C-alpha cells in the first residue's frame, strides 16, 4: 500500500503574488550558519514554499552580494529567545531572529503571509513567544493504537517499534510552523513496550527521532512509567525516598541522556486512574516529582508532572466527595515544594475536557510552582473529529480567565506563560488530534485545531477568528467569500456542539468509555465522580458553600460570584448549582425550556452548517469537501440523537412539557 | 500447569449403604453386548460408582450364573426408546431397557439412588424421556473464549483447535448421566475458524469427538455459518434457491457426513443480530432451513433453526415496533412449510432470557412445525454465576404454561415434547453454563442448573425441589439438615434475584453489553428494542390492544387475560402494561412502593442467604464452601448496587418518597 498523507497548511500550492516574489529571489543570512540543522531546514522550507506558491526558486546570496532582497540576521539583543522581527525597508525584507528557532519561525511567518496573499512590503512585526514551552502530547501506544485517537493509527509507532519516515519529518515541519517546541510521543498511560522506551531496546530509534525533531527546534519528551524500576528489573519498589530506587534512576537517567542527548525530559502521570505513583509508598506527589527532577537536572531535563489525580472509585451515593476538588486538594498544600525543573501540568478544567466547565482553580492557585496548562485538541468529549468543534474559542476563554491571584497579570495566560510569578519552565501543552489518516485529523476541519493550538500557544493575543482565517487561507481557499463562510462555521461550532449536548456546564451525559454520543445516565451511577444529580425537580451539582464547597478554591471575587446563583455565569450554572427546572434564566426562559430550546436549536444549527458547506462544493479541494460533507452527515445524526435523548430524558423526568409543543419522546 | 477439574455430582465418594451393596456385586447383561460402546461405558460407570460409593467392585456374571443380584435386560416391547424400568423382585434388581441409551440412563439412575443413600429394594419405576431431543448448546468460540461464559474458557477449543482429552469424556459422562442426548459444541455466532469446522482442517478431530460422545449416547451437532459458501471458497452467494449454492452444499454435506458419520446435524442462527441468512437474498426462513434440511436428510441429519430473528437496529423513538412480536411475526406465516427434519428452536420468552418475561407465543402458536424450546442455563441476565439463581423453577413455569393451542395436551411441555401435534423431532435445548474452571460452573451452586436442566428435559414432571435435593445429595451432602438448607437457598434464589433487579417483568435495566449489574437506562435509548418507557408518571410497555398488540399473538383466554390490567398476572404487569407509579397492586401497595419494598427485601434476603451459608461451614466440602462464600459476598454488593440504583432512579423520576422513609439516594 502506498503511503499517502496531505501537507495540510503547508501544501504550498500556487498563490496570487502580492508583490512578494520580488523579495524572496535572493536571501542573505547574517550571523547564522546555513549548515546548522535548524537554519538549513528553514532555508529548505523557504525554497520549497516560495517555489511552490510563487514559482520562484530563492537563491542564497553570497557574502559579496550587494542589496539582497531578503536578509535573515541575528539579533539576540532586541529580540527575545525564539523570537523574530520582520520588517521591510527600502525594498529589502528583513528577518531578525534571536536564535535558530527564531529563524525557523520567522521563515514560516513569511511563508504564511505569502500563502495568505498578503504583501510582505507592509509588514512590521515583532513576534516573541508568549509561552516558553509549547507542547503537543500524543497519546500514542506502541501497538499503533491511539488512546482517544480519531484519525487512524499512530504515525510514531507500529507493532511495538518506532517509525521514522518522511511523515515524521512532515509532522515536525507542521508543528514547528506553528511554533511548537516540545513533543511527547507516547501515551501518558505508559504500559508494556512503552515502559522500555528508556532502554537499549529503543535508544537508537529514540535518538534518531530526537535528531529529526531537533532539526525543527523541537525537544523530544517521553512519557515515563513511574513503576519502571519494578518493570525493568530494578529494585522491587518505586518509593521515591528509597535509596535503591534513587540509585537505579540515577544510573538509568545517565544512560538515557547519554544515548539520547537531545531529550527534553519526561511527562509523568502518577497516582491517576490506576497508574502507579508515590502515593503507593505513602509519599507526596512532590517527593515523586522532585526525585526524578533532581536526577535529570544535570542533563537539563524537565519533569512534567500531571495533576489529574482524583478518586476514580467514588461511590455515586457519596454527595460529599467532589472530583472537581481533587486536583487542588491534592496539589495545593505542597506549593513551593516542587523543584525548579518540575512543571505541574494542569488540565484547563477540574473535571476532564468537557465542552464547558469551570477553569481549574489550581491555575494561579499555585503561586510558587511551575505550571503548564493542558488542553485537549483531540476531540474526546467534543465530537471526536466527526462533529465540527473549533476549540480555539474555548482555549482562549481559559487563557483569558482572571484568577485574581495577583492585582495584575493574573489571567491564566499570565500564569502559565510565567509572567505572573516569573517562572521560566512554564507554558501550554495540548493532547494532539493527529493520526495516520491521509488528512491527519480525520475531519479535515479538525486540522484548524491542530494548527490553531500552536499559533495560540505562541501568540496568545491572536483571536480565534484570526487563527481560523489564517488556517482557511493556507489550507482551503483564499477566496474571501469562502474564507468568511468557513471561518463562520468554525467560530460557531463550539456553541452549536454545546447546545445539542450537555447543558450549562454540567458535562458528561456521554456513552461510557467511548465518550461519543449521548447516555444521560451513562456516568450517573458510576465510580468516576461525574454526576448530574438530576431528579424530578431539577439538576446540577451543588458546589457552593452549601454543597461540596468547591467554590472556595477560587480567589475572591470569583468564589463569591460562583457561590451565588444570581451572579454565577449562566453557562456554568449547573456546574456550580443544583437548580430547579422551573428556575428562570436571564433569557426569561425556565431551565427546562432552555434545555429543550437549545437542543432543538443545536440541531437546526447543524442543518444550517450543512447548507453552508454544500454551497462550497467546487470552491474547496474535492477530497476535503467530500470528507467534511460525510462528517457533517454523521454530526447531524449525532446531534439528533443528543437532542432526542436529552429532551426525552428531562421531559420524562420533569413531566414539564415543551412550551412550543415540539416532538419529544 | 496440572489440569484439574472436579467430578461434580459424579464424585462417587463414600456413602451409607442403604442395603444396596447386596445387589450390585454381580451383574448380568441379557440381550446387550457389553462390548458395545454405550453398554461398555455404562458397565464401567457402574463399577466406578459402586466401588467409590460402597467399596464393592461389581463383577460381570457369566451366562451360567444363577440368581445374579442384578440383571440388565433388553425390553424394547414395553419400554419406549431410551427408556428403562427398574424394579426389585425376590432380592434381584432388574433394569430393563429399550436400548443402549436406556441401559446407560438406567445405570446412572441406580448410581443416583445409591448416592442419595436410598434403598434400591424399594424402587419400582418406569422412566421414559419426555422429550425426544435433550440438548446442550455451547457458545464456545474456537479461540477458547465463551460468549456469555462465566466459568473460565472453553474445554472444547483452544487457540483455534479442538481439545480432546479426559475432561471431554468426563463432560460426556456428566451430561449423559442426566439424559442429554445431543450437544452443540460451538457458538451459534459462527465466525472465523468455526466456519471451517466443516472442512478437512478439522474433520479428524470432529469425528474423534463425535465418537467420544457416541459412547455416551450423545449426538454431536455443530453450529453452521449460513454464509459458509462465500467464506469457504464456494459460490459468491448463500441464496438458498441458487442452484450453485445448493450444489455446493450437497457436495459439502456429502463430505461432512462421510468424514463424521455420527454427526447429528446443525444449529443455525440466520438473519439474527448481524448474522447472514436467507433474508439477505429475499428468501424466507423456510427456504433457508429446508434447503439445508433436504440436503442432510439422506444422512439422517437434522437442521435446528433458531427463531431469534428481530430488528436489532430499532429506533428507540419508535413505539410501534415491538421486539417481543418479532419471533411470532417472522415465523408464524410459514407454519407448515418447514420440512420434517427442520426444528425451530424458540427461546422461552419473546425477548431474551430475562429473569421474568412472558412465554413466547410462538410455542404452540406453530401447529405444523417441529419445535424445540431453548432456555439459558448460562446466567447471562440472571447473575452470571456470581449471584445464585436456581433456574429450574423458571424453566418449569415455562413448561407448565397452558398455551390453549388445543383443548388438552396444550402446555409448552406438551408442545415441545411432541405430544401435542405428534412430532418426533422435538425437545428442549439449553445454553450451557460450563467452562474450564475447576468446578465447571464458576459458582459451585450453579452446577445445580447444569444438572437440573438435563433431569428436567428427561422427566418434565420432576419438581424443582426434587431435582435440587438430588443434586445436593450427590454433590454436597446427604445430611438432611444440610440438604434442606441448601435446597431452600436454591428454591428461593430466583425470586430473590428478581426482587433486587428489574421489577414485574419489565426486564433489562442491565449494564449494556456485559449484562451484569444495573444500568436502568442502559438500553433505554438503544437500538435493541428493549425499553422500559419510564417517565415521571409510570413505566412499562403497553403491549395490549391499545399498544403494540402483542397480546393477540396468544390464544384465548391468554390474550384477553394479558390484555386486561385487572387479570394480567402481576409478576408480568410491566411486560404488558404501562402503569402509573400510583397503581394499586393486589398487595395493597402502590407500584412505586412495591419497587422500593422488593428492592430492600431482595438485599435482605441475600443477607439471610449468607447467614445460612455461613452456618454450613464444615458441613460441605471446603473448596465449594469457600468459593460460594466469596460469590455470595459479590452477590450482596451487586444486590445493593441494584437496590440503590433502581430505587434512586425511580425516586428521582417519580418524586414519590418511600413510605418507610428508608435511605434512597
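Any read-out appearing in this document is the output of simple, stated calculations on the displayed coordinates, not a laboratory observation. Values in this document were obtained by computation on a predicted structure and should not be read as measured data. Methodologically, a virtual Cβ is constructed for each residue, glycine included, from the backbone with ideal geometry; neighbour enumeration extends over all protein chains shown.
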Checklist entry - Alpha carbon centre of the stretch B:290-323 versus the stretch A:375-407: separation in Å? => result 50 Å
Next on the checklist: Quick check: Cα centre of the stretch B:593-662 to Cα centre of the stretch A:123-195, how many Å?
Outcome noted: 50 Å
Item to check | Residues B:495, A:498, sorted so that the one with the fewest Cβ neighbours within 10 Å comes first | outcome: B:495, A:498
Next on the checklist: Can you tell me what share of the DSSP beta bridges in the protein assembly as shown is antiparallel? A percent to the nearest 5 is fine.
Outcome noted: 30 percent
Checklist entry - What is the fewest-to-most order of A:357, A:408 by other Cβ atoms lying within 10 Å of their Cβ? => result A:408, A:357
Checklist entry - What share of the DSSP beta bridges in the stretch B:146-474 is antiparallel, in percent to the nearest 5? => result 10 percent
Checklist entry - Using the C-alpha gyration tensor of the stretch B:281-435, what are the square roots of 5 times its eigenvalues, in whole angstrom, with the largest one first? => result 24, 20, 17
Item to check | For chain A: rounded, prolate or oblate by the Cα gyration tensor [a/c cutoff 1.5] | outcome: oblate
Next on the checklist: Could you tell me the extents of the protein assembly as shown's C-alpha atoms along the three principal axes, largest first, rounded to whole Å?
Outcome noted: 129, 69, 63
Checklist entry - Summing -39500 (n - 2.57) over the DSSP H runs of n ≥ 4 in chain B and dividing by its residue number, what mean residue ellipticity at 222 nm do you reach, to the nearest 500 deg cm²/dmol? => result -11000 deg cm²/dmol
Checklist entry - What Kirkwood hydrodynamic radius do you get for the stretch B:145-190 when you take the inverse of the mean 1/r over all pairs of distinct Cα atoms, in Å? => result 11.8 Å
Checklist entry - Per residue of A:644-656, how many C-beta atoms from partner chains lie within 10 Å of its own C-beta, taken as a mean? => result 4
Item to check | Three-way shape call for the stretch B:410-532 based on the alpha-carbon gyration tensor, with the a/c threshold at 1.5 | outcome: oblate
Item to check | Bridge type composition, chain A - antiparallel percent by DSSP, nearest 5 | outcome: 25 percent
Checklist entry - Shape call for the stretch A:133-463 from the C-alpha gyration tensor, a ≥ b ≥ c root eigenvalues: rounded (a/c under 1.5), prolate (a/b greater than b/c) or oblate? => result rounded
Item to check | Whole-number percent relative contact order across chain B, with pairs defined as alpha carbons under 8 Å at least 6 apart | outcome: 12 percent
Next on the checklist: To make sure I understand, if each residue's beta carbon is the centre and we count other beta carbons within 10 Å, what order do A:587, A:223 fall in, fewest to most?
Outcome noted: A:587, A:223
Checklist entry - How fast does the stretch A:154-265 diffuse by Stokes-Einstein, in µm²/s, taking the Kirkwood radius from C-alpha pairs at 20 °C and 1.002 mPa s? => result 145 µm²/s
Checklist entry - In whole angstrom, how far apart do the alpha carbon centroids of the stretch B:209-286 and the stretch A:478-528 sit? => result 47 Å
Next on the checklist: Just to confirm the numbers: residue B:11, label point 7 angstrom along the Cα-Cβ line, distances to the other copies in nm, shortest first?
Outcome noted: 7.3
Next on the checklist: List, shortest first and in nm to one decimal, how far the label point of residue A:300 (7 Å from Cα along Cα→Cβ) is from its counterparts in the other copies.
Outcome noted: 8.4
Checklist entry - To one decimal place, what orientation-averaged projected area in nm² is obtained for the convex hull of the Cα set of the stretch A:14-127? => result 6.1 nm²
Checklist entry - Over the stretch B:311-448, what is the mean sequence separation of C-alpha contacts under 8 Å (at least six apart), divided by residue count, expressed as relative contact order in percent? => result 22 percent
Next on the checklist: Assume the label is 7 Å from Cα along Cα to beta carbon: what separations in nm does residue A:657 have to the matching positions in the other copies?
Outcome noted: 3.0
